[in-house]
1. Within the stretch 5-51, track down each residue that is open to solvent by 50 Å² or more (accessible area, probe 1.4 Å) and among the acidic types (Asp, Glu).
2. Looking at Glu87, Glu69, Glu100, which one is more than 21 Å from Glu37 (Cα to Cα), of a type in the set (D, E, K, R) and in contact (Cβ under 8 Å) with a residue 60 or more places away in the chain?
3. Restricting attention to the stretch 99-112, and to residues there that are buried (at least 17 other Cβ atoms within 10 Å of the Cβ) and either β-branched (Val, Ile, Thr) or more than 11 Å from the chain's Cα centre (by Cα) (or both), which single residue is nearest to Leu174 (Cα to Cα)?
4. List every residue pair whose Cβ atoms sit under 6 Å apart, with the two residues 6 or more apart in sequence or on different chains, where the first one lies in the stretch 3-22 and is under 18 Å from Gln71 (Cβ atoms) and the second, anywhere, is open to solvent by 50 Å² or more (accessible area, probe 1.4 Å) and among the aliphatic types (A, V, I, L, M).
Amino acid sequence: MKYDKIITLKDGRQCCLRNGTESDGQAVFENFNLTHEQTDYLLSYPDENSMDAEQEGQFLKERSESENEIQLIALVDGVVAGTAGIEAVGAKYKVKHRAELGIGIDRRFWGLGIGRGLLDACIECAKTAGYTQLELDVVAENQRAVSMYEQAGFVEYGRNPRGFCSRSAGYQELIYMRLEL
């Protein structure tokens, strides 16, 4: 699946939303480690990254060639400001209608509209891929993200009070959300 779009950010700068490619491996690897260090709301910590830059490049290549999964990057002034992707829940008939969404934005670029741009792009890609439900989980105290997802039409369908166990904050409640496409 291919995606390439320019959006205008709240500060007037242009942001390119496009597929990550093999040549983006190093920059995306660095962005992953940075974003996972900047916030306690993402699934893992930088020291838990299971890929190196070369493996990240291969992952991006595979996603750019996939018909139903994608990994997008947001470029601002040549810098990877964020990433987002959709991944199939599974290939079995009973779950092949569902995809999971994940987004991570470099703190220096928060509040500019990149998250919403990536979210909208992922929704569009999920529809193109034929999914009828897009899912995510979000830390309940991350109100900015919860609000963004609700504004896009996601609805809560459950909570897990011990969804994450943070190294610094202890247990974090996760909100499970879904969007019918």
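The values are calculated or read from the model by the stated rules, or taken from the named source; none is laboratory data. This one's a predicted model, so the numbers in the text were calculated from it and none came from an experiment. For neighbour counting, all protein chains shown are included, and Cβ atoms are generated from backbone atoms with ideal geometry for every residue, glycine included. To get the accessible areas, we keep the full protein, side chains included, count just its heavy atoms, and leave off ligands, DNA and RNA. Shrake-Rupley method; radii C 1.70, N 1.55, O 1.52, S 1.80 Å.
1. Asp11, Glu22, Glu30, Glu37, Asp47, Glu48, listed by residue number.
2. Numbers: Glu87 fails: in contact (Cβ under 8 Å) with a residue 60 or more places away in the chain; Glu100 fails: in contact (Cβ under 8 Å) with a residue 60 or more places away in the chain.
That would be Glu69, the only listed residue that is more than 21 Å from Glu37 (Cα to Cα), of a type in the set (D, E, K, R) and in contact (Cβ under 8 Å) with a residue 60 or more places away in the chain.
3. Ile103
4. Matching pairs, first to second residue: Cys16/Ile6.
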